[in-house]
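Participant: Please read through the structure below; I'll follow up with questions.
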Amino acid sequence: MWISTAFILALKLNKYQIRQLLNWEEDKTPVIGFLGRLVPEKGLGLLMSVLDELQTPWRALFVGTGTMESSIRSWAQKYPQKVRICMDVKHDQVPQYLNAMDILVAPSQTVSNWKEQFGRMIIEAFACGLPVIGSDSGEIPYVIQDAGVVVGEKDQLGWVKAISELLESPSRRQELACKGLERSRQLYAWPVVARQYLQFFNELLDSHCLLSV
């Protein structure tokens, strides 16, 4: 997984352009974002329950497609001014929509035949300087480490607390945004990944040569 320089340099100006397209004129209420497949294992049921419990003002932006679209749209009818669902976003538009968010959440849930393998959306959020809250499913904690917040995948109260704390603290959001951006540059920018691949193949070649002796 790597992040291009163009992705990392996505303009913050897009935040306001996208919000205007979503008919969000007011800009003070933070936006909680979800990016990915709209399916149960991505934790959308938990996320909707958590949003129902939040006392701090919030808005939510769902970007993706999947089998839960109708249930999310039905739930969103309770919040006509708060919730937006975007299903026609192309990959080269993803940075613009990430920049329209203030927090990215990744509440993935482990099931019998699946757990989160990597969490590409986390790296993309890091690259855009977006603070991340993720569950402890699969590889998510190892991707986030200290550059974001990790919450137990079944811990609904923990999710309410984690999201509320970031909604209420712009300084904490900025701190995590800086950590995530630095992590994306150190580990996931394409020159870094290219060097890692080169090192891997050099070691593989050296091992093959030793076995051939």
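The values are calculated or read from the model by the stated rules, or taken from the named source; none is laboratory data. Please read all numbers here as calculations on a predicted model, not as lab measurements. Quick reminder, even Gly has a Cβ in these numbers, built from the backbone with ideal geometry, and neighbours come from all protein chains shown.
Participant: Please state which one of Q109, Q81, Q156 is in contact (Cβ under 8 Å) with a residue 40 or more places away in the chain and over 15 Å from the mean Cα position of the chain (by Cα).
Facilitator: Going through Q109, Q81, Q156 in turn, the sole match is Q156.
Participant: While we're on this one: Scanning for something assigned to a helix (DSSP H, G or I), surrounded by 13 or more Cβ atoms within 10 Å (Cβ to Cβ) and either of a type in the set (V, I, T) or at pLDDT below 95 (or both), does the range 49-60 turn up at least one residue?
Facilitator: Yes, the range 49-60 contains a residue that is assigned to a helix (DSSP H, G or I), surrounded by 13 or more Cβ atoms within 10 Å (Cβ to Cβ) and either of a type in the set (V, I, T) or at pLDDT below 95 (or both).
Participant: Within the range 135-147, is there a residue that is more than 19 Å from Y188 (Cβ to Cβ) and either surrounded by fewer than 24 Cβ atoms within 10 Å (Cβ to Cβ) or of a type in the set (V, I, T) (or both)? If you could, list the steps in order and put the result at the bottom.
Facilitator: Narrowing the range 135-147 to residues more than 19 Å from Y188 (Cβ to Cβ): 135-137.
Filter once more, so that each one left must be either surrounded by fewer than 24 Cβ atoms within 10 Å (Cβ to Cβ) or of a type in the set (V, I, T) (or both): 136.
Looking for residues that are more than 19 Å from Y188 (Cβ to Cβ) and either surrounded by fewer than 24 Cβ atoms within 10 Å (Cβ to Cβ) or of a type in the set (V, I, T) (or both), one finds at least one in the range 135-147, hence yes.
Participant: What's the total number of residues in the range 10-23 that are part of a loop (DSSP other than H, G, I, E, B), under 18 Å from C128 (Cβ atoms) and either at pLDDT below 90 or over 20 Å from the mean Cα position of the chain (by Cα) (or both)?
Facilitator: Number of matching residues: 3.
Participant: Checking the structure you have, find out if any residue of the range 108-120 is under 28 Å from T56 (Cα atoms) and modelled with pLDDT of 95 or more.
Facilitator: Within the range 108-120 (the criterion being under 28 Å from T56 (Cα atoms) and modelled with pLDDT of 95 or more), the answer is yes, since at least one residue qualifies.
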